[in-house]
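Notes to accompany the following structure.
Nothing in this text is a laboratory measurement; each read-out follows from the coordinates by a stated rule. No experiment lies behind these values; they were computed from the predicted model shown. As a convention, Cβ positions derive from the backbone with ideal geometry for all residues, glycine included, and neighbour counts pool all protein chains shown.
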C-alpha cells in the first residue's frame, strides 16, 4: 500500500537570512550540476551536502589511515571494524538520500521499499568491495582476502552494519530532521539522481554496453591471470 | 457463461510449459525411485512440492499467478532440484556457475516485475529505473545471503558447500552478473511483451505478498527487529560454542623423531585413521575413492587420513619441525567426480581434530584448515595453480604457533597465532579417483627438505 502520509509531508520555508548566507555556495555548486533543457537544476544546500561529504570523507579517511598505519595487522579485528564502518556509512547515506528523493520525486514508493533498498545498497557495496579485493589478490598477488572465513565475516560485519545504518538514517530523517533540512536533502538527492535517470534515458543502451564490457574485462582478467594471452606469443 | 466459453477460459489458464517442467521433476523423482537412490528421490520430491507453491498462493490470495512469473519460478526450482537430485554440481565442472546465476537472475526478474506491477496497478509515481535497480539489488543481495546460508551450513554441519574463497567469490560474481542481465531482460519484457492483464496480476500479487509483512513491521517492527538481533546473537555465540573442548594430548606420548618414509610398501608405523588407503598403481600409498568397498557417488567423496609415526608427538615443546611429501593427484574420468586434493596433516589429536595443509588441483588453492570435532575451519588460503596427473612437493614447517606452507620449494604463505599445533603427523586426501604419496620426510628443527623424489 502507498504510504498514507505522503500527501501530508510539508516543506518548511527557509528564512531569507539563511538563504543569503548560503547563496554563494549554492551558486558554486549549481555550476557543477548538469543542466538539461526544461529541467531547471535545483541546487543542493550546504547543510545537506556537508553531511554527505562528511560521511564520504570519513569512509575514505578510515581506509587511508588504516592502510598508512598498518592497523589491520596491529589491531585484532580492525578489518571487521573498517568493513562495518564502511557498510554503515554507505547504507546510511543511501537511506538518507533515497528517502528524501522519494519525498520529492517518487512519492508513491513505500517507505519499506526505500528502507529495503538502502540496506541492499549497503550489502551490495560490501560484495563489490570483496570482488575488488578478490581480483587484486588474483592478478597482483596482494594478500587482501586471507581465507573464505575471513571474507564471509568481513561481509557479515558489513551487512549487519548496513542494516543498522539504513534503519538509523531513516529514523534520523523521519524524526530528528527538520523539514527545512529534509527539503535540502531532497534537493541534493534530486541533483544527484536525476542526471543519472536522464543519462539512462538518453544513452541506456550505450551504458549497458559499457557495463557488459567491464564485466567481460573483469572475467578475462581473472581467467588470463598467469595464463598465456591469446594471439600473443609467449616471451 | 456457455460451456465452450468456460472450456476456453480453462484452456487459457492451463500453462502447459509450466506443467511440462513439473513433469520433468516428477520424471527425475521416478528415475531416482527406480534406481533406489533414496537421497536423490527425496530431493526431487521436495522439488515437486516446492514447484506447486504458486498454486497454493493462487488459492490463498484469490489472485491468478501471472504466467510469466510462474514460469520463471518453476523453471528456477526445476533447475535447482533436478541438479541437486542428480548431483550435477559434482559431475560437471562449473555446473554451479550456471545454476547459481540463473536462479538469482530469475529472482531479480521476479522482484522487478512485482515492483513494476505494483507501481502500475496502484498508480504510483516511480521510475522504471528505480524498479530495475531494486530488482538487481534484491538479486545481488539474495546471492550474498545464500553464501551466508552455505557458510553457516558448513560451520555447523560440515556440508562443504563453500569449497574455497575463490569458489564463493566466483559464485557471487556470477550471481550479480546474472541478476544484472536478467533485470534488463525482465524490464524489457515487462514494458514490451507482457500484456495489461499479466501486469495487473503481478501488481495484485505483489500487494498480497507484501501486505502481511508490511502490517507486521508497522505494528511490531521493534519486536521483530529485536527478535532477529537475538537470533543472530545466539547464532554467533553458537559458532564459538561448538568448537569448545578440543582434545588434549596424552602426557606419556614420546616425541616424534626425524624420519624418511618411502611409501612403496606400507610402513609398520603408519595407521589409517579415516578412509581407504592402498598401495597404488602410480607409486606409494594412495587414498582411493572407496567407502566400505563401494565407490561413492560424485559429490559424496570423503576425506582420508593416514597417520605416520603413530603414537608420537611432533611439536610438543620441541623446536620447529618440517614435514614434506611428494604427491600425485589423479584426474578423475568425466562424470566420475571432480575432487583432487592432497595434504599434510599435523597436530593430529584424533581422526576429527587436526590441522591439514592441502593443495587442490580442482580449485587451484593451497589452504591451511583446522578440523575441530570433524568440522573444517579454514585458516589461510592462497591461489596456487596445479593440475591433475602431476607430481608436486608439498611442505609444512611448524614452529609453535607459526606455520609456513610451501609448494614445490616456494613459500606460499605463513600464518601465526595458531593454537594446539603439536600432535601426530600424517597424510590427508580427498579424491574422486586416487591421490598417491610416494615419499615423506619429517625433520626436527629448520632442516631443509632434501627431495627424496625420484625423477619423473
Problem - Ordering of B:259-270, B:431-442 by packing [mean C-beta count within 10 Å, highest first] - result: B:431-442, B:259-270
Exercise for the section: Rounded to the nearest 10 degrees, what's the angle between the helix B:67-85 long axis and the longest principal axis of chain B, both from Cα atoms, 0 to 90? Expected result: 20 degrees
Fill in the blank from the handout: Taking every residue of A:130-140, the Cβ atoms of other protein chains inside 10 Å of its Cβ average out to 3
Fill in the blank from the handout: Label model pair residue B:401, residue B:16: point-to-point distance (7 angstrom along the Cα→beta-carbon line) in nm is 7.0 nm
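Full-extension gain between residue B:30 and residue B:333, please, as 0.36 nm times their residue separation minus the C-alpha to C-alpha distance.
Additional length available on full extension: 106.3 nm.
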Completion exercise
Checking rank on B:398-404, B:356-362, with mean other Cβ inside 10 Å and highest first, the result is B:356-362, B:398-404
Problem - Nitroxide proxy distance, nm - points 7 Å out along Cα→Cβ at residue B:242 and residue B:196 - result: 5.5 nm
Exercise for the section: Please quote Rg/Rh for the range A:88-235 to two decimal places, taking the Kirkwood radius as Rh and restricting both calculations to Cα atoms. Expected result: 1.10
Fill in the blank from the handout: Binned at 20 Å starting from 0, the alpha-carbon pair-distance distribution of the protein assembly as shown in whole percents comes out as 15, 43, 31, 11, 1
Handout entry: Inter-chain shielding of B:116-123 (mean C-beta neighbours from other protein chains, 10 Å cut-off)
Key = 2
Handout entry: For the range B:405-449 and the range B:22-73, distance of Cα centres in Å
Key = 47 Å
Exercise for the section: Return the distance in nm (one decimal) between the two label points of a simple spin-label model at residue B:23 and residue A:69, each offset 7 Å from Cα along Cα→Cβ. Expected result: 6.8 nm
Handout entry: Percentage, to the nearest whole number, of Cα pairs in the range B:372-417 over 11 Å apart
Key = 73 percent
Handout entry: Helix B:128-157 axis, angle to chain B major axis (alpha carbon atoms, nearest 10°)
Key = 40 degrees
Exercise for the section: Starting from the Cα of residue A:80, move 7 Å in the Cα-to-Cβ direction to define the label point; list residues of the range B:402-445 whose amide nitrogen is under 17 Å from there. Expected result: B:417-419
Exercise for the section: Starting with the fewest neighbours, write out B:305, B:383 ranked by other beta-carbon atoms found within 10 Å of each beta-carbon. Expected result: B:383, B:305
Exercise for the section: Can you grab the distance from the C-alpha centre of the range B:207-275 to the C-alpha centre of the range B:307-366, Å, no decimals? Expected result: 20 Å
Completion exercise
Mean per-residue count of partner chain Cβ within 10 Å for A:116-127 equals 5
Practice task
Treating the angle as unsigned and between 0 and 90°, give the value, to the nearest 10°, between the Cα long axis of helix B:3-13 and the longest Cα principal axis of chain B.
Solution key: 30 degrees
Practice task
Compute the Cα gyration tensor for the range B:205-302, then decide on rounded, prolate or oblate, letting a ≥ b ≥ c be the square roots of its eigenvalues: rounded whenever a/c is under 1.5, prolate when a/b is larger than b/c in the other cases, and oblate in all that remain.
Solution key: oblate
Handout entry: Order by protection proxy (mean Cβ within 10 Å, highest first), peptides B:239-245, A:178-184
Key = A:178-184, B:239-245
